[in-house]
Amino acid sequence: MNEVGDTGRRLEDACLSGSVAALEALIGEDKLILNRVSSLTGFFITGTTPLHVAASLGHLDLTKALLARKQKLATELDSARCSPLHLACTEGHFEIVEELLRVNNNACLGRDEDGRIPLHLAAIKGRVEVISALLRAKPESIHEKLDRGENVLHLCVKYNMLEALKTLVKYLQKNDKESLLSSGDNDGNTILHLAAALKQMDTMKYLLGIMIVKDDANVKNQNGSTALDFVEHCPNRDLKTMEILEFLFQAGLRRPASGGSNPKPKSLLDNPPPSPFDWRPKAGQVLQSIYLFWIKYFKANHTWLREVRGHLITAATLTATMAYQAILSPPGGFRQESSNWNQTMSLHAGLGEKSGGTGQDAGTAVLDSTTSYLTVYYNISGINGSTYYPWYLSSNRNPLAHYMLVNTLVLLGSLCTIMLALSGFPANNKFLMWQLIFTVYITIFCMSSGYFLAMALVFPTGFEKYALPLGILWYGWIGLCGFVLVLHACHFLVWLWNKFVNIKWLRNKFGDHLVGLRNKFGSRPR
């Protein structure tokens, strides 16, 4: 018994390592060792033969040596009813598959415990070369089905193996067997039904490019559902579902006029003639044009957050520091000693100014007053003989208060940006993404406003001298900020529309031409 166990371990080691020399040595010691594999203890107790091991691990030389000694090993099954060909096809060992087919191609039709033939396993794993070899050896294997009526095409779609599906379709087209593409399983589901149910956009694009599939695109399964119904009735109406739905409408798929699985006879009550003054088609066309223009030229791309998150934190920290420093060092600085407004303005008493001001404490901002020194200066001096107020000042408001307000907004906006960026929210969280975008833009606008206010307060004469060009720049900047903010607000509204608006209601309200646009213009600019 020990001798048998030792022989089994040595044979196991030879198979695992792929050593032909070790196998030859064992056969030299016991010429019937391959006939007694099932009686050996250890590795081969489950019915696995040395050829199973060699085929699974890809040992081509060992496979040839075993087949040369005993070809019957190619038909042996393990405890899962898998032949060596099943294992080689699963692992994609093309040369071993060809060697096994050369010895016995009938193994192509052998089924494992799940009813799968080697072609099915190769399709599940996407082994394109193996699929071609199996079809050359046994062309009829492509028609073999599983217990639920699924053929090899269904398995390619089920496991999302598009290249394997293309290989099989080319074979069917070459051999005039395209009718298999419209074949359904026991529930009547075609491969297009399955691709729609699994939301495989690339697979559906490929299938609808085939004439026979497109002609039968509206075929129903046993429940009366089309591929379009699978998408429309999907409980998870995410963005991918919407894109697939739009693509199917572009491809020409339509629901029955009654919208049910068993259409009722048409009548005037069911389909009343359109009114000559019906506004809905025209409104739908206008909305379609706007939507096409929007998607073509203003499609948003938010992948930038992953790339600039660290830089965004640095910039927000910088702006927060600037806003904080602006409070500690306001324009005009601080008073070094207490003063009285009456004393300060005594020189101008003869010019008609009232001298009933209040005292100013040391340590307060120089420009912090109900009517700033700057405003008083323009009041008493005048321009062209008349009283003049610059556009950025008011006769009854303190301009420094405006400056403090915008700097406070910059500080709070910067801190909010830092908190959002550090919170670790995923980039696909659209709500927080929009919140971050709006916060950043408001912060930028307030920071620029603070700059203009500070310049007006510190350099009043120079600011007045260049009032016109500075005013043009300022209002141009406001227009640009407003445009960008409106642009992102519209993106946000479009996102809300796609997420929450009922597509069926939209189509019934404005017509099918509103649905099916983003796939054409949303993936790439034109």
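How large is ³J(HN,Hα), in whole Hz, for each residue of the stretch 452-460 in order, when computed from phi with the Karplus curve 6.51 cos²θ - 1.76 cosθ + 1.60 and θ = phi - 60°, using x for Gly and Pro?
Coupling constants for the stretch 452-460: 5, 5, 5, 5, 5, 6, 8, 10, x Hz.
Assigning unit charges at the beta carbon (Lys, Arg +1; Asp, Glu -1) and nothing else, what dipole magnitude in debye, to the nearest 20, does the stretch 149-256 show about its Cα centre?
The dipole of the stretch 149-256 has a size of about 160 debye.
Residue by residue through the stretch 138-145, what is 3J(HN,Hα) from phi via Karplus (6.51 cos²θ - 1.76 cosθ + 1.60, θ = phi - 60°)? Round to whole Hz and write x for glycine and proline.
Karplus values, whole Hz, x for Gly and Pro: 9, x, 6, 5, 5, 8, 5, 10.
In the neighborhood of A21, defined by Cβ-to-Cβ distances under 15 Å, what is the net charge if each Lys or Arg adds +1 and each Asp or Glu adds -1?
Numbers: positive: R10, K64, R69; negative: D13, E24, E29, D61.
Neighbourhood net charge equals -1.
Quick one: L239, L493, L85, fewest Cβ neighbours within 10 Å first, how do they rank?
On the way: L239 13, L493 10, L85 31.
Ranked by crowding around the Cβ, least crowded first: L493, L239, L85.
Sticking with the crude label model, points 7 Å out along Cα→Cβ, report the distance from C490 to K145 in nm, one decimal please.
5.3 nm
Rounded to the nearest 0.05, what FRET efficiency is calculated for D215 and R136 with R0 set to 25 Å and r the Cβ-Cβ distance?
Approximately 0.25, to the nearest 0.05.
Kindly flag which residue pairs out of K145/K170; K70/K158; K177/K199 have an alpha-carbon separation exceeding 28 Å in this structure.
From the list (K145/K170; K70/K158; K177/K199), the Cα-Cα distance tops 28 Å for K70/K158.
For F425 and T75, calculate 0.36 nm times their separation in residues minus their Cα-Cα distance, and state this gained length in nm to one decimal.
Values: separation 350, 0.36 × 350 = 126.00 nm, distance 5.61 nm.
Extending this stretch completely gives an extra 120.4 nm.
The numbers here are math on the coordinates, done by the rules we state, and not lab data. Bear in mind the structure is a predicted one, so any value in this text is a computation, not a measurement. Because the Cβ atoms are built from the backbone with ideal geometry, glycine has one as well, and the counts that use them run over all protein chains shown.
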